[in-house]
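See below for the structure under consideration.
The values are calculated or read from the model by the stated rules, or taken from the named source; none is laboratory data. Keep in mind that what you see is a predicted model, and the values were worked out from it rather than measured. We work out accessible area using only protein heavy atoms, side chains counted, and drop any ligands, DNA or RNA first. Shrake-Rupley method; radii C 1.70, N 1.55, O 1.52, S 1.80 Å.
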Amino acid sequence: MFSDHVWSLISNINGSISFFSSFISLFPQIIETYRDKTVDGLSPYFLLCWLCGDITSLIGALMTKQLLFQILLAIYFLFNDLFVVGQYYYYGVLHGNRLATMGHEPVAVVISRVNSHHGQRAGSQTSAQMISALVAVASNTIGQGDAMSIASLNGPPLLPPGEPHHQANLGIIISWMGASFYVGGRIPQLIKNYKRKSTDGLSPFLFATTLLGNLTYNISIFTSLNYIHNDDKWGFIARTMPFIFGSAGTVLFDLIYFYQYYVLYADDNKLRSLEREMLSAVPSTDPSRDSHLDSTDHIDTEHTPLISG
C-alpha cells in the first residue's frame, strides 16, 4: 500500500504536468496560424465557446475567492484567447483567408489547380510537367494509404475546489457553465473538420497538450490526499464534478480529432505536404507559378465569417 508521501508525490507531479501543458497549450496553435496565414480550418463557435469558458472560469474564481495564482492564471488564459481571436479577425475577417501560404489554401489544391490548369491556356511545359508529376505521386500515395488504411482547451482551475464558501452555489453553477463551454466547444470544430474533410489549420500539438493536461489533471485529483483521506469521497467528487467533467469530458473529443487527423483525413495532409514540396521547387521568378497561384483565388471555397461554423 502506498504511503501518503508517494500519493502526494504522484499527485504533485501530475498536477505540475497538467499546469505546464495547460500553460503552453495555445502556443502551437498561435504559431500554426501565423505560419499558415489563414484561419479557414478554425470554427468560430469553437473559439467562442473557448472564450466563454475562460470568462466563466475567471468569474467563478473571483466569486469563490480562489487563490491569487488561480485568478492570474485565468486572466493569462483569457489574454491568450483574445490573441487567437485577434488572429481570427486579422486573417479570416479582414483578409478573408486570402493570405494563406502554399499548401494551406481552403481546399486541397492539387485537384483544383489541375482543373484550373486545363480550363485556362496551357502554361509553360515546365509547369505542366510539375503539376502532372504532383498528381501522379499524390495518387500513388493515396492508393498506398487506402491499402494501409486532443478540461477546457486551456484547462480548468488546477486545484479542486475546497469547502464551499457563502457563494458556493452560484460558483458551482458558473463552473458547470464553463465546463459545458469547454466540452461543447469541441463539437463544432469536429463538425467543421468533417465538412472540410481536412484538419489543416489545426495544430495537433494543441490537442496533444490539452489531452495530456486533462488526463494528468484528473490523475492529480484522484491521487491527492484530499480525496484519499476524505471520508465522504462521493461528496468530494460531487463538489469537484464540474472540473472533472470539463477536463475528462474533452478527452473523447480530442481522441476523435486525432482519429480525423491520422486516419480519416490523412490523405488531405499528404496532398498538401506534396504540394508544398513540389511547388516550392519552382523558382519564385517563374511567371507560370504565379499564374497557377493566382488561379486559386477564383476557386469557390468556404471563407468562414466570424459568426458561422
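Details
- Each residue was assigned an accessible area with a 1.4 Å probe, and for Met102 the value is about 40 Å².
- Accessible area in the full protein assembly, largest first, 1.4 Å probe, for His229, His104, His5: His5, His229, His104
- To the nearest 10, the accessible area of Leu212 is 80 Å² with a 1.4 Å probe.
- Solvent-accessible area of Tyr259 with every protein chain in place, 1.4 Å probe, in Å² to the nearest 10: 120
- Accessible surface comparison of Phe245, Phe83, probe 1.4 Å, protein chains only, largest first: the order is Phe83, Phe245.
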